[in-house]
Amino acid sequence: EKGRVRGGTMYSVRQFLGGAAELDNRAAAMLTGAGALVAVTATAVAVRRVRIRREAEGKIRRARERRAESLRRAEQAVLRYRESHPATDSALICTLSLSELTKKLQEGLLSPEDVFYSYVEKALDVHTKLNCCTGILLESFDQLKTVSSNKEGLLYGVPVSIKENIGYKNHDSSCGVVINLEQPEQEDSVLVKVLKRQGAIPFTKTNLPQALLNYDCSNPIYGQTLNPYNLKKTSGGSSGGEGALIGGGGSVLGIGSDIGGSIRIPASFCGICGFKATSGRLSSKGVKPIYRGQKSGKLQLYIIAYIRHISNDTCSYFLFLIILVLASCGPMARDVDSLALFMQAVLCDDLFSLDPTVPPLPFNMQIYQSSKPLRIGYLENDGYTQPVPSMVRSIREVKALLEQAGHTLVPYSPLKIAYAATELMMKGVIADGGTSMLEKLKGSPLDPCLKDQVLPYSLPKWLKKTISFLIKPLVSSLLLSIQDLWKQHANVEDYIHETIAEWRRCNIDVLLCPMFGPAYNFLYCGKTNHVLSCTMTYNLLNFPVGVVPVSTVTAEDEKELRHYKGTYQDFLDRNLKEAVTGGEGLPVAVQCVALPWKDELCLRFMKEVEQLVKQSRK
């Protein structure tokens, strides 16, 4: 019995061990299969990444080849023209103001051919130094042959440069991202159509930052654009190619776009004039944003890395912010009269017919040419961003000139600027966790200018959620629901009406305020986004605003900069000080602002500042 029991037990043990071994074998097989699946998946992902990277590299290479080919063919055409027209005084032509140029063209004292080839030659030279063009529009050589049919146009025979995201048929509007390459526009943008009907010849597209997400001017496709006054400084952005080309003398008139200062910043950095019109005054049809779908493409996203949140006199710093403001196109040129002539030319029946969403308001020359004394509000500091010494000095000097000319200057303080900066312009964690933005950058090398801004969005989802949870008690709302978004728009509308009421209370016609700058050292634009309170406030308000160069940085300004502390004396203020160090000789500008739809008055004020500064120099 005992043997049987013992034998049975031994049998059971052997049976159990055999079953366990079988289970182990199955488990091992399953684990082996799972491991193989993981390995296959990882391999597939790696292969896909390599394929995407190679596709991106191929697109970038072909885009650069297209640019090089257009530059080569343009250079050959210029050489042929120079050989057959040796008497052409290109240097003289390129020194003429737009007003002088159009007058001589209309009177037949200059030919469109002489002007065109002179500017193409100059643009090629400037591009070689500053890397500001994304390509020459070779179709412009064909347009030149038929331009005489538009001799009655206000811009007859004028070569015009355009920012890369402004649509031109059969050319990419890449916005500096690889995913948009090799998707040429099917037709010209409305502004380009109107310019052509006015006799202008768009001849080159100009550089911009990757995804329009920075106020520097660099992208992995076309590279970094340099400042015409100092090659160790940036041209600013996002219309930085325009700023550099015009500032370097390679274009007499250009078109940019402005969402937070994207016309004014490069204009200021490069020593030219720039004008952001009231949003809706000029057509944006065919002007490509990085995102579509926000209020017919006019409401844009501008992603930043850091911003102050002011609460009970304390500062906190947050990531993942969006800015909800209106974008606007506008002209860039060497003087204010050129800006006004552009507005006069494009605000015509052709524009109102091609884009019926634009109100049919022709340019009011009477307002622009008025000499009536103005009541001018002014400020040196908006209470959020302390301008550096050269910028404060420029405001004081211009204020004195305006007073001497008989205008009335009234101190003005922007309403609730910290609230406007942190709660209205910049609000909450981006709704989709940055997915849309990352989608646009997929497969593209990340430009160094954007690393500080984009890094937070590439963090793991769990980490982003953790950060959101930790900072949620400190901010009123991080994730905007539909109801939150409606409330946000209502708050913006309230702020606009409150600001207009404050202007009425102060009884001011226009506003003189500081611009930030001067031109930055490289790689600082993503580290000093707090300064956008100086410019973006007027996008939020939808006020027309422009910049006028009034001075240059002096040695004394540089000495005073050593003692600069800023408003909050924090790392953002320290970054700003580092960004502008070494700026002696760089241009310094001021901003001129008017109420919505008072674009002509704003330009008239800019003209007044420009004339007074010129007279003071004489």
- Message: Charges at C-beta only: +1 for Lys and Arg, -1 for Asp and Glu. How large is the resulting dipole of region 325-407 about its Cα centre, in Debye rounded to 20?
- Response: 380 debye
- Can you quote the Å³ per residue value for the convex hull of the Cα atoms in region 533-618, rounded to an integer? 105 Å³
- Work out the P(r) tail for region 73-198: percent of alpha carbon pairs separated by more than 19 Å, whole number. 53 percent
- Mind checking the per residue accessible area of region 143-226 for me, 1.4 Å probe, whole number of Å²? 26 Å²
- For labels at Ala400 and Leu109 in the simple 7 Å Cα→Cβ model, what's the distance in nm? 3.8 nm
- Can you list residues whose amide H is under 5 Å from Leu253's amide H, if they're 5+ apart or on another chain and H is modeled 1.01 Å from N? Ser161
- Message: Solvent-accessible area of Lys285, probe 1.4 Å, all protein chains present, reported in Å² to the nearest ten, please.
- Response: 110 Å²
- Mean projection of the alpha-carbon convex hull of region 138-197 over all orientations, in nm²? 4.3 nm²
- What FRET efficiency would be calculated for the residue pair Asn170, Arg53, taking the C-beta separation as r and a Förster radius of 22 Å, to the nearest 0.05? 0.20
- Task: Might you report the magnitude of the Cβ-based charge dipole of region 515-603 about its Cα centre, with Lys and Arg at +1 and Asp and Glu at -1, to the nearest 20 debye?
- Result: 220 debye
- Rounded percent of accessible protein surface that carbon and sulfur make up, region 151-237, 1.4 Å probe: 46 percent
- Stretchable slack from Lys565 to Ala42, in nm (0.36 nm times residue separation minus alpha-carbon distance): 183.2 nm
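Expressed in nm², what is the orientationally averaged projection area of the convex hull enclosing the Cα positions of region 42-123?
Projected area, direction-averaged: 7.7 nm².
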- Task: Go through 372-384, 132-144, 506-518, 395-407 and give me the packing order, highest mean Cβ count within 10 Å leading.
- Result: 506-518, 132-144, 372-384, 395-407
- Which order do the peptides 330-339, 234-243 take when ranked by the mean count of other beta-carbon atoms within 10 Å per residue, highest first? 234-243, 330-339
- Distance in nm between pseudo-label sites at Thr128 and Ser413 (7 Å out along the Cβ direction from Cα): 5.5 nm
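When ranked by the protection proxy of mean other Cβ atoms within 10 Å per residue, highest first, what sequence do the peptides 249-262, 165-178, 86-99 form?
Numbers: 249-262: 28.1, 165-178: 23.1, 86-99: 14.3.
Averaged packing, sorted descending, gives the order 249-262, 165-178, 86-99.
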- Query: Where the Cα atoms of region 137-278 are projected onto their three principal axes, how long is each span, largest first, in whole Å?
  - Reply: 43, 33, 29
- Taking 7 Å along the Cα-to-C-beta vector as the label spot, tell me the Trp597-Gln611 distance in nanometres, rounded to one decimal. 2.7 nm
- Query: Convex hull volume of the Cα atoms in region 480-546, per residue, in Å³?
  - Reply: 111 Å³
- Of the listed pairs Lys145/Lys196; Lys196/Lys440; Lys193/Lys288; Lys151/Lys614, those with alpha carbons more than 22 Å apart are Lys196/Lys440; Lys151/Lys614
- Message: Please give the Cα centre distance for region 98-151 versus region 483-550, rounded to the nearest Å.
- Response: 35 Å
- Could you work out how far the C-alpha centroid of region 338-396 sits from that of region 44-95, in angstrom? 35 Å
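The values are calculated or read from the model by the stated rules, or taken from the named source; none is laboratory data. These numbers were taken from a predicted model, which means no experiment stands behind them. Positions of Cβ are generated from backbone atoms using ideal geometry, with glycine treated the same way; all protein chains shown enter the neighbour counts. For accessibility, only protein heavy atoms count, side chains too; no ligands or nucleic acids. Shrake-Rupley method; radii C 1.70, N 1.55, O 1.52, S 1.80 Å.
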